[in-house]
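What follows draws every value from the coordinates through simple rules; no lab data is involved. The shown structure was predicted, so the numbers you read here are calculated from the model rather than taken from an experiment. Neighbour counts are summed over all protein chains in view; Cβ atoms, including those assigned to glycine, are modelled from backbone coordinates with ideal geometry.
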Amino acid sequence: MRIVLCGFRGTGKTECGRLLSQLTGLPFFDTDAMIEERVGKPIYEIFAEDGEETFREHERQVIASLPDSGCIVGSGGGAVIDSRNVAALRRGSTMILLEAEPAVIEQRIRNTTRPALTTLPFRDEIRVLLKERRPFYTSAADFCIDTTARSPNEVCLSIMRIVTEGTVLPGAGERAVRFLDRSGIPHDEVRAFEEAVNGDPKTRLYAIAGNPAFQSRSPALYAQLFSHYHLNCHYTRLQAPDILPILRICHDLDFRGLSVTIPFKTSIMGHLSEISPDAREIGAVNTVVWCGGKGYGSNTDWIGIRDAIGDAGSKAVVLGAGGAAAAAVYALRSLSLDITVLNRTVSAARDLAGRFGCESGPLEMFDRVSPDIVINATPVGMDPDTRSLLQQGQLKPSMTIFDLVYTPPDTPLIRMARSARCRVIPGTELFVRQAAAQFRHFTGISAPLELVRSMIQ
């Protein structure tokens, strides 16, 4: 057993760590205290004399030196911002995020010697840093506990219940298994899910939610990523005509995260506590993280699209007007490109274009636009569909063709683009890049793109 406590200073990590050590008989390692012992001076002096960068390097070294098991760890307030620290801390551990209201944190730490990390007044610094670090905290943690109105003893008892009993509601596992069986999820996947739910109570659950969800390669990819980073996690498929029964399962089994695909990227937004600014502007969420009973939604599709395109020209066409198209337009706009949205339903194209201040029209307008970049953001070409929205003669060698469909990897559009000697970006590249970003949201760990690519070969 290794329990790691993370969170902002003043949330109770040190006191709870010492109490947990007494309860379990396991040694307690306070990374800040270890740094002070290693360097021979208090943290505020390290910051003042050597700078924050030097402190963070000491922090990385101390975290890397921790025992892999049989201990309690209290990590520094900013430790989980560094993905390398998160990977080291999560290995073989249960990570608990301790949270507290800003006013309570202020009261708890006002008279300490911790260094100022900004030039802001004390109260404002707490609020700003909490807001900045919240995504890192919620990504890194397996479980979240609010310490605002709880004594250290109460917090420790909650932690011990989590690591011994888990957080799954009684009977929820059996209900979820029946749901998966009825939805047609492959038998071997259902049995693996059942074993995960009925096994270690600390196992964290993730899934892809869609209708359909059978075509997704995410379960196979995440199984490999979790194994690679020694994470006690399980990923499955949740398929239903409506999002509500899926969310009920996630609530009852205390799911940690959800990959969201069609047709739920928009409808799920009304069921979340907080939505990132980019996802709100796009109008679609593809990534959900739950922490402390709150659901946080974000969008990693646009990041994958933006990074895959790079510097490919100045004029772009997006085919489609749904959630994927909105992510594509958002990504292209971040690259300051001239964008035209084309769609069979012209009114839908006009509505999307109007939101982002770009041009629109019917599919027949494609030749007149003469784009450098073409993004297919429709499901046309996805198995078993063998169609393409464009014809061979419409493609020019100067074009970059990006098909967001990744099942199959070689869509009809991709094959035509290769024949026309276009630069080709298959949908698998979006899958790799958005999955790497999503994995960071789920776990706090940055998986190299090369690693993710190797796992989908």
remark   = With no solvent term and unit scatterers on the alpha-carbon positions of the chain, Debye gives log₁₀ I(q)/I(0) at q = 0.07, 0.13, 0.14 Å⁻¹ of -0.41, -1.16, -1.27
query = Based on the Cβ-Cβ distance from residue 165 to residue 215, what FRET efficiency comes out when R0 is 51 Å, to the nearest 0.05?
reply = 0.90
inquiry  = Under the rule a/c < 1.5 gives rounded, and otherwise a/b versus b/c splits prolate from oblate, where does the stretch 2-165 land using the Cα gyration tensor?
reply    = oblate
message = Can you give me the distance in nm between label points at residue 273 and residue 117, each placed 7 Å from the Cα along the Cα-to-Cβ direction?
response = 2.0
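Helix by helix, which DSSP H runs in the chain go 20 Å or more along their axis at the Cα atoms and have an average Kyte-Doolittle hydropathy of -1.0 or more?
What comes out of the filter, once short or polar helices are dropped, is 122-140, 427-443.
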query = Considering the chain, which cysteines have no disulfide-compatible partner, defined as another cysteine with its Cβ under 4.7 Å away?
reply = 6, 16, 71, 156, 233, 250, 358, 422
inquiry  = For a test of the definition: using alpha carbon positions, the gyration tensor, and the 1.5 limit on a/c, classify the stretch 352-400 as rounded, prolate or oblate.
reply    = oblate
Within the chain, helix-based [θ] at 222 nm, where runs of 4 or more DSSP H residues each add -39,500 (n - 2.57), nearest 500 = -13500 deg cm²/dmol
query = Over the chain, what is the percentage of antiparallel beta bridges among all DSSP beta bridges, to the nearest 5?
reply = 15
ask   = So how far apart, in nm, are the two label points at residue 244 and residue 18 if each is 7 Å from Cα heading toward Cβ?
value = 5.1
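Given a Förster distance of 22 angstrom, what is the FRET efficiency for residue 350 paired with residue 281, based on the Cβ-Cβ distance and rounded to 0.05?
Calculated value: 0.80.
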ask   = What is the magnitude of the charge dipole of the stretch 239-278 about its Cα centre, with +1 placed on the Cβ of each Lys and Arg, -1 on the Cβ of each Asp and Glu, and no other charges, expressed in debye to the nearest 20?
value = 100
task = May I ask for the distance between the Cα centers of the stretch 298-372 and the stretch 213-233, given as a whole number of Å?
result = 31
ask   = In straight Cα distance, which aspartates and glutamates are under 14 Å from residue 315, not counting same-chain residues fewer than 8 positions off?
value = 338, 359, 367, 372
Percent RCO, i.e. relative contact order, over the chain, from Cα pairs under 8 Å lying at least 6 residues apart = 12
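With a ≥ b ≥ c taken as the square roots of the eigenvalues of the C-alpha gyration tensor of the stretch 307-430, please select rounded if a/c is under 1.5 and otherwise prolate if a/b is larger than b/c or oblate if it is not? Write down the numbers at each step before the final one.
Details: a/c = 1.41, a/b = 1.27, b/c = 1.11.
Rounded, since a/c falls under 1.5.
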inquiry  = Can you compute the modelled spin-label distance between residue 49 and residue 311, with each label point 7 Å from Cα toward Cβ, in nm?
reply    = 4.6
task = For residue 106 and residue 41, calculate 0.36 nm times their separation in residues minus their Cα-Cα distance, and state this gained length in nm to one decimal.
result = 20.9 nm
Footprinting exposure proxy for 401, 81 (fewest neighbouring C-beta atoms within 10 Å first) = 81, 401
